[in-house]
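Structure record follows, encoded as structure tokens.
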Amino acid sequence: MKKFLVLLLCSFVFVLPSFGQDLFMPRNVKLAYENGTRSMDGKPGPKYYQNKSVHNIRMNIAPPSRTITGSEDITYTNNSPKPLVNLVLRFELNVHSPEAARHQPASAGELTSDVTVDEYAENGKVKEWKPLIPGKGMTYNVVKLDEPVPSGGTVKLSFKWHYELVLESGREGVIDPTTFYVAYFYPRIAVLDDVNGWDQVAHISSHEFFGDFNDYTLDVTVPKNYIVWSTGDLMNANDVLQPAIAERLRRSFTSDDVVNIATLDEVKTGKVTAQNATNTWKWRAENVSDVAFGLSDHYIWGGGSLVVDKKTGRRASTQAAYDEPSKNFANMVKYIKTSLDFSSNRWPGVPYPYSKMTIFRGFADMEYPMMANDSAQESPEMQEFVAAHEIMHSYFPFYMGINERRYAFMEEGWTTAFEYLFNAETFNKALAENWFKNFRVRGWLRNMSSDADIPIMTPENVLTGNGYGNNKYGRAALGYLAMKDLLGDAEFKRVLHGFIDRWHGKHPTPWDMFNSFNNISGKDMNWFWNSWFFTYGYIDLAVAGIEKRTDGSAVTIKNAGGFPAPVNIVVTFEDNTTETLHQTPAIWEKNMKEAVVRVASPKSIKSVTLDGGIYMDFNEANNKWLVAAK
């Protein structure tokens, strides 16, 4: 009998996704499941595939000139089941073109001309650069190949190009006349996946990115006394650094303490880099979705390291590059170590997957693989908060390969949830709640426009304005934290790790995430996913009544907003004692509109108050019920 029950239970768990409420699935997503590239149990399907590029990039930069020149060779492997007649290429920096699509006006300092392709070759044959889509400002374009790339085959593309670095720095651009941050700077082949086909979503400056897991070698040639910091590992430190500096850098890789790799005085007096007319810094990164780098002739360089994988003893390098006025950057190496320790051991609790993390003082507060471009903050706490947020993007989108153009809530939402947990443990819960409410939730609640409560599952590439920001940050983060409350910390972490184990290095969709959580937990939680992510909604709970019963009292709560949020019910009794009853989202599973909560105490109730904490209630006026005096 016991064996029979075990087999029955296993069978139930296996087919669980087909039970209960189905989640809406667009036609192209359904087709991926029908084709076997994805599985309804949340795993990659037996026919899952993704393509890959190997980039060999050479860049030349000589500040204060803003002209950036580059050349590269790309070897692209077609792992899809069909031959490729055309390739879609991405030129993200064409977003600065006056002709580019944009959601808001651009200042003169944000505008440059298109990236200019000076030479193009296919399999070693130089060809006229004549993409199929004419016009300027195209952040993607299409080329027709001389010969189709068969399934399993490769093609080699070569480019020479130049462009003007944008003067008004955002995610990339001029920080000061001799400090540049360089990102999205090279031609690349767009992602071709089993769900959406080629990535032909125009890049908008306020929106996000999507890249394959590629390998890179990057050579950056700059004048002497310029230091370069980049994604990846520096392969020729002894060639570009003077011996004492190279030794400090090596020592920082195994040091638990902060190492002052290069001081301001050393940088200014020519004691850091090799004193050649130019130096070529060589970097290598594997299985990453992008590379970015910064350079300066007057930035201070600090470094250190920590163990990020306690099982293997693997360490990660922590580095900071900053100007002297940015005082709080003097502690940045420590901030990075704190964030990496938290993310490796607490939330998400997965060892940091890369060899290094560098934060470069810029303006954007933006993440890149192994890099962040962060602004200087007056407050040490805010400086660490911003750093932690960008660092924790290492998991979502980078480790997990999220399509940010369409599903930004899968990267900003997760990162914002981790950010809240980091702040609560690193500072204190009160400060964390205050920041989260003010920066992530309050703007949404105050937004009374029609886009305020649009479903989170709405593809981000069709959204603009407040609706876009609210969906990908606060609303999604609250959903993930509510799921954590529903499952409990230990089970939530187990399920989250299962999802990460299945999909890191690949390209999961939201349906893969929802199905994985259902499958790994053994619970059909589509009622939650549907209410929080697929429907219009917000948080608005109300006390609807109190009933005295023989076994205590019953408190009725109405859910006017529709989101299945957790809540604390604070009960004050006639003797002025209080009891707090925490309710997880489970109270809404059977009835999303109303829940009845039992108060076991036989004492008479004086009042009931709902306290949502970070799950801020739209209408707090109905959150308290006073029992009429008898």
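The table below lists the values:
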read-out	value
Extreme residue, farthest from GLN50 (Cα to Cα), among residues of the range 82-127 that are touching a Pro at 6+ places or on another chain (Cβ under 8 Å), assigned to a strand (DSSP E or B) and of a type in the set (Val, Ile, Thr)	VAL117
Evaluation of ARG58 against (1) under 30 Å from VAL462 (Cβ atoms); (2) assigned to a strand (DSSP E or B); (3) basic (Lys, Arg) (one fails), failing number	(1)
Test: residue in the range 388-395 that is touching a Pro at 6+ places or on another chain (Cβ under 7 Å), under 30 Å from VAL201 (Cβ atoms) and not small (Gly, Ala, Ser)	yes
Hits in the range 148-180 (condition: of a type in the set (Gly, Ala, Ser) and surrounded by 15 or more Cβ atoms within 10 Å (Cβ to Cβ))	SER158, SER169, GLY170, GLY173
Hey, GLY505 over 16 Å from the mean Cα position of the chain (by Cα), open to solvent by 10 Å² or more (accessible area, probe 1.4 Å), of a type outside the set (Val, Ile, Thr) and at pLDDT 95 or above or not	no
Helices (runs of 4 or more DSSP H) lying entirely in the range 386-488 (those with 2 or more residues that are of a type in the set (D, E, K, R))	404-407, 412-426, 429-436, 442-446, 476-487
Count - residues of the range 564-579 that are in contact (Cβ under 8 Å) with a residue 24 or more places away in the chain and either open to solvent by less than 30 Å² (accessible area, probe 1.4 Å) or within 24 Å of ILE614 (Cα to Cα) (or both)	10
Hits in the range 593-605 - residues which are assigned to a strand (DSSP E or B) and within 16 Å of ILE539 (Cβ to Cβ)	GLU594, ALA595
Test: residue in the range 123-131 that is open to solvent by less than 50 Å² (accessible area, probe 1.4 Å) and more than 25 Å from the chain's Cα centre (by Cα)	yes
Pairs with Cβ under 7 Å, 6+ apart, first in the range 446-463 and among the hydroxyl-bearing types (Ser, Thr, Tyr), second surrounded by fewer than 17 Cβ atoms within 10 Å (Cβ to Cβ) and part of a loop (DSSP other than H, G, I, E, B)	none
Every residue from the range 578-592 that is in a loop (DSSP other than H, G, I, E, B) and either of a type in the set (Phe, Trp, Tyr) or under 30 Å from the mean Cα position of the chain (by Cα) (or both)	THR584, GLU589
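The values are calculated or read from the model by the stated rules, or taken from the named source; none is laboratory data. On a predicted model such as this, the values are computed, not experimentally measured, just so you know. When we count neighbours, we look across all protein chains shown, and the Cβ atoms used for this are built from the backbone with ideal geometry, even at glycine. Surface accessibility is based on the protein's heavy atoms, side chains included, excluding ligands, DNA and RNA. Shrake-Rupley method; radii C 1.70, N 1.55, O 1.52, S 1.80 Å.
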